[in-house]
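**Student:** Have a look at the structure that comes next, please.
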Amino acid sequence: MTATVTPVPVPVARHLRRRAVRSWLRGIAIAVVTLVFALPLVWMFAAAFKTNVQVTDPSVGLWFSPTLENFRSIVEAGQIVRSMGNSLLVGVVSTVLSAVIAVPAAWAVGRFDMHRTGSLILVARIVPAISLLVPWYYLFAQMGLVGSYTVLILSQMFVSVPLIMWIMISFFAGLPVELEEAARTDGLSAFGAFWRIALPLAAPGTATASLLAFVFSWNNFMFALIFADDRTQTVPVTLFNFISYASTDWGGLMAAATLITVPVVLAAVLGQKYLVAGLTSGATKG
Amino acid sequence: MSTTEVSPARAAAAPGTGPAPARRPRTFEQANRRLKWTMLAPALLFVGLMIVFPLVYTVNLSLTDAFGAVNAGKAHVGLQNFADALGDTRRFWPAARRTLVFTVGAVVLETVLGLALAMLMRKPFRGMRWVRTVLIIPLLTTPVAIGILWLLILDPTNGIANHLLAGVGLPRQEFLGSVSQSLPTLMLIDVWQWTPMMTLLLLAGLTTLPEEPEEAARVDGANGWQRFRHVVLPMLGPTLATALVLRAVDALKTFDILYATKGAGGGSDFEVETLNVYAYGLTFDYQEYGLAAAVLVLFTLFIIGVVVLLRRRGGRKTA
């Protein structure tokens, strides 16, 4: 499309050849980059299906007869399954509760131009979480809640509420305000405009934000390290404990790491478009 | 919002415009105001309570000699903890230096590489969807799992990395097993995990740019580099500044991967102990709550300083 405005009279054949070469080089560069980001994870997945002898022999590479032995042994040990259940529970409950309070708040910030109030979210992102842990621990210990799911869910919500608000504020900003105004003129209340017009339109944004909030909850290590007990332990903590007492069992370690990563890979493959939109929202508006 | 029925109500609601109008006690404006606070209150109260109480508590704690049990008796010691932390050249200052080195090193590399990748992937190509899927997986993966995966790859004796190095005739490396290589290695792991984030943010910024300035520069005979340097880069300024702030804040607070790969204290020689890891150790391993709180207050101020600095610089560049 740009060839028509090229002012320099380059011989057409040479010009086309150079363009073909350039596009080939670009293809190769993109392939190399993709491999750099994919191969370490592929290596981890492969190691999960190797025997312990094969894992510690780098010459084995990616061609070997896979075994499910590592998965069988860690599943039989039991903790990892329980932890995945805990992570699922904490992730789902904290995400749903966060969305319920964060989405209306984001709408209010966006529609009523309360960005000064909204900037409280930035504060929540800046403060180091450790500085909150001691006071929380003190507070929750007084209430006898340490080690409970309640604490894990509440502390996770502190991450999820600002995250969902952050994404939804820019999502609502992208929705045409005229629709809601038209609804208001037709007799809907302001809340009605939110409930019947804005909220349904915001469904994709809410899904994006919730998916991201769930992934970050699934990954959260520090909160669970402090607040969870043996019964409520989540997956990253289980994995961490694995490093210290099973450091020679590379196969089991890789199988556990694979089990934790598979849901994330699934989410990435199925929801790539939404996840990218969520991760990058707010950035282009300054 | 701006319909004609509202205007008289708004005029009446403004202070100093005649006697208080009692004919419509609930104007649209008032209804709106009540509604917006109702919608905001739960989230605001939740985040506020979860953050204001801890911050006040932490600042208060930093002025005491709290030690041992969280609710044990404690005496006010003024700014003693701050003096102790700032006078500590064995743990505090090295940790501050590592935090800065790690953040600056990782974020600069991520920005440069992320920008290069974004320019590379800017025009659509076949398989774009899959490449983007591959790019988001590292940054969505549990940092603890990332740590384990690199421990395997970089294992000094059995890792594939040394196998490959030996294959091309380079000397074997200790990587995370060595005091001097641990921090640079973890920086590179951070670059591996977070460069895609930069790329995605900058790609999103690139798609919002108008095409005309670049087209004009092309017509004027500017080559690819000149168009990038003098047209695209200045227009990308605001996105770049935002991406930089977000990434820098997260990099400063890096904890999971450092703790997962090197354990408490950042290794035997504190070689990857950043301020965050140091504060964690003081709190949960040594129960030095007072000193830990002082370190955290200093750390928070440090982060705020970085954010303010980056925002101001970003703002000036683009203004």
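**Student:** Check A:ILE126 against each of (1) within 7 Å of chain B (Cβ to nearest Cβ); (2) surrounded by 17 or more Cβ atoms within 10 Å (Cβ to Cβ) and name the one condition it does not meet.
**Tutor:** Among (1) within 7 Å of chain B (Cβ to nearest Cβ); (2) surrounded by 17 or more Cβ atoms within 10 Å (Cβ to Cβ), the lone unmet condition for A:ILE126 is (2).
**Student:** Check off (1) touching a Leu at 6+ places or on another chain (Cβ under 9 Å); (2) closer than 25 Å to B:THR208 by Cβ; (3) surrounded by fewer than 18 Cβ atoms within 10 Å (Cβ to Cβ) for A:GLU178 and give me the number that stays unchecked.
**Tutor:** (1)
**Student:** Determine the pairs where a residue that is facing chain A (nearest Cβ under 9 Å) and farther than 14 Å from B:ALA293 by Cα, located within region B:42-65, has a partner that is in a loop (DSSP other than H, G, I, E, B) and of a type in the set (D, E, K, R) with Cβ atoms under 9 Å apart, the partner being 6 or more residues away or on another chain.
**Tutor:** Once the first residue is facing chain A (nearest Cβ under 9 Å) and farther than 14 Å from B:ALA293 by Cα and sits in region B:42-65, no partner that is in a loop (DSSP other than H, G, I, E, B) and of a type in the set (D, E, K, R) comes close enough.
**Student:** Sticking with this one: Quick check on region B:31-72: of everything there that is under 26 Å from the mean Cα position of the chain (by Cα) and over 23 Å from A:MET143 (Cβ atoms), which residue is surrounded by the most Cβ atoms within 10 Å (Cβ to Cβ)?
**Tutor:** B:SER62
**Student:** For the subset of region B:211-221 comprising residues that are away from every other protein chain (no Cβ under 11 Å) and surrounded by 15 or more Cβ atoms within 10 Å (Cβ to Cβ), which member is nearest to A:LEU122 (Cα to Cα)?
**Tutor:** Residue satisfying both the conditions and the ranking: B:PRO213.
**Student:** Scan region A:222-244 and give yes if some residue there is acidic (Asp, Glu) and either farther than 28 Å from B:THR283 by Cβ or at pLDDT 90 or above (or both), otherwise no.
**Tutor:** No: zero hits.
**Student:** Return the residue satisfying two criteria in turn: it lies in region A:210-231 and is surrounded by 22 or more Cβ atoms within 10 Å (Cβ to Cβ) and away from every other protein chain (no Cβ under 13 Å), and of such residues it is nearest to the chain's Cα centre (by Cα).
**Tutor:** Among those residues, the one meeting the criterion is A:SER210.
**Student:** On to the next question. Need pairs with beta-carbon distance below 7 Å; first residue at positive phi and within region A:260-282, second surrounded by fewer than 21 Cβ atoms within 10 Å (Cβ to Cβ); sequence gap 6+ or separate chains.
**Tutor:** A:GLY282/A:SER170
**Student:** How about region A:129-152: which of its residues are of a type in the set (Val, Ile, Thr) and either closer than 19 Å to B:VAL295 by Cα or within 7 Å of chain B (Cβ to nearest Cβ) (or both)?
**Tutor:** A:ILE130, A:VAL134
**Student:** Taking region A:13-56 as the search range and keeping residues that are of a type in the set (S, T, N, Q) and within 9 Å of chain B (Cβ to nearest Cβ), which one is farthest from A:VAL265 (Cα to Cα)?
**Tutor:** Of everything passing the filter in region A:13-56, A:SER23 is farthest from A:VAL265 (Cα to Cα).
**Student:** For the subset of region B:222-267 comprising residues that are of a type in the set (D, E, K, R), in a helix (DSSP H, G or I) and under 14 Å from the mean Cα position of the chain (by Cα), which member is nearest to the other protein chains (Cβ to nearest Cβ)?
**Tutor:** That would be B:ASP256.
**Student:** So, one more: Assess whether B:THR261 counts as being farther than 30 Å from A:ILE243 by Cα, among the polar types (S, T, N, Q) and buried (at least 19 other Cβ atoms within 10 Å of the Cβ).
**Tutor:** no
The values are calculated or read from the model by the stated rules, or taken from the named source; none is laboratory data. Everything quoted here is computed from the prediction, not taken from an experiment. Ideal geometry is used to build each Cβ from the backbone, glycine not excepted, and the neighbour counts take in all protein chains shown.
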